[in-house]
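Throughout, read-outs are computed from the coordinates displayed, never taken from laboratory work. Quick caveat: nothing in here was measured; it's all calculated off a predicted structure. Reconstructed Cβ throughout: ideal geometry from the backbone, glycine too, with neighbour counts over all protein chains shown.
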Amino acid sequence: MNTLPPTSFNTGTYSPILDPEVTEVDQGFIKYASGSTEVKYGRQVIVFDNQRFIGAVGWRQDRQTFDGLSLSFSPMDDMQVNYAYISKRNRIFAEAADIDAKDNLLHVTYKTPLGKLSGYAYLLEQDNNTDNGHDTYGLRLVGAKGADKKYLYTLEYATQESKSGGTENDADYALLEGGMKFSGMTAKIGYELLGSDSGAYGFSTPLATVHAFNGWSDQFLSTPAQGLADLYASLGGKFGGGKWLAIYHDFSADESTATIDDLGSEINLLYAKKFGKTYTAGVKYATYSAGDTAAGKVDTDKLWVWGQMNF
């Protein structure tokens, strides 16, 4: 269940830039809506929670969409139920790397006094005439307390069973994040763990918006077999009519070996500003410092400058 396409990307020499030349249909679906119920059939964007497991990868030129049937409804106040059956994953690497699938996605949210509680079951299976499976079950709680100073917290845990080519692996995921909003700024510190199964398999999120997590230089689009522990801190706010954000990551292996333990560190910087209601411009920078050489990573710097027009 690797998130990368079947190419090497000059591993160990250059960091990947995953924007191939391609033109394809982004979305095209039939929709029915009545009250709290909505049904879609066709090619569509599906996003759950913070896109850590199911996302659109909107940063890329060719974002991720899905062919299938989706259903959303509210059986009671403060509860939302989402289900989707996916027959094809249209990934960001162009049509050659799209995947036929038999995926079942179930996502339920409920608003509680402590915050928004999400429960999910993502049962993924490639439709390739092999015995394979990639099942993830988890719970997520996101909340905020306070008035002048708002305190933020996120707790999440998931377990994963993966089966491919006669091999079965189990791994766990955990997230603990705390933060505070004050004086127009937001500060956060967190610890995210993508666990390892005895150093043979790392917890995988093949349908996620992976670019948004574990550093923008895209060193960890696939979780190392040793797993990944990410201790991070961020600070963001407003300046000059725009928004800025700074993030620091310290990476290490969940299951260390004699040669792989330190997986490096990274600094991310962002500034974006809107001009009227139509235009947005921004600059984004990532600098990664490699850790143990056996991990196959290299020092990497990436800079993006972009403009956007809405109409």
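For the reader, a short list of remarks on this structure follows.
- Entirely in segment 230-311, the strands (runs of 3 or more DSSP E) that have 2 or more residues that are in contact with a strand residue (DSSP E or B) (Cβ under 8 Å, 6 or more places away or on another chain) and without any contact (Cβ under 8 Å) to a residue 12 or more places away in the chain: none
- When segment 89-118 is filtered for residues that are under 25 Å from Glu156 (Cα atoms) and either among the aromatic types (Phe, Trp, Tyr) or surrounded by 14 or more Cβ atoms within 10 Å (Cβ to Cβ) (or both), the ones remaining, listed by number, are Asp103, Asn104, Leu105, Leu106, His107, Val108, Thr109, Tyr110, Gly115, Lys116, Leu117, Ser118.
- All strands (runs of 3 or more DSSP E) inside segment 116-221 with 3 or more residues being over 28 Å from Ala286 (Cβ atoms) and in contact with a helix residue (DSSP H, G or I) (Cβ under 9 Å, 6 or more places away or on another chain): none
- Considering only residues in segment 277-289 that are of a type in the set (A, V, I, L, M, F, W, C) and surrounded by fewer than 18 Cβ atoms within 10 Å (Cβ to Cβ), the one that is farthest from Gly227 (Cα to Cα) turns out to be Ala281.
- Residues in segment 178-204 that are touching a Gly at 6+ places or on another chain (Cβ under 9 Å) and more than 15 Å from Leu245 (Cβ to Cβ): Gly178, Met180, Ser183, Leu193, Leu194, Gly195, Ser196, Asp197, Gly199, Tyr201, Gly202, Phe203.
- Cβ-Cβ distances below 6 Å connect the following pairs, each with a first residue in segment 189-202 that is under 15 Å from Ser222 (Cα atoms), a second residue that is aromatic (Phe, Trp, Tyr), and a separation of six or more residues or different chains: Leu194/Tyr173; Leu194/Phe203; Gly195/Phe203.
- Sole exception among (1) free of Cβ contacts under 8 Å to residues at least 40 places away in the same chain; (2) more than 30 Å from Gly282 (Cβ to Cβ) for Arg63, by number: (2)
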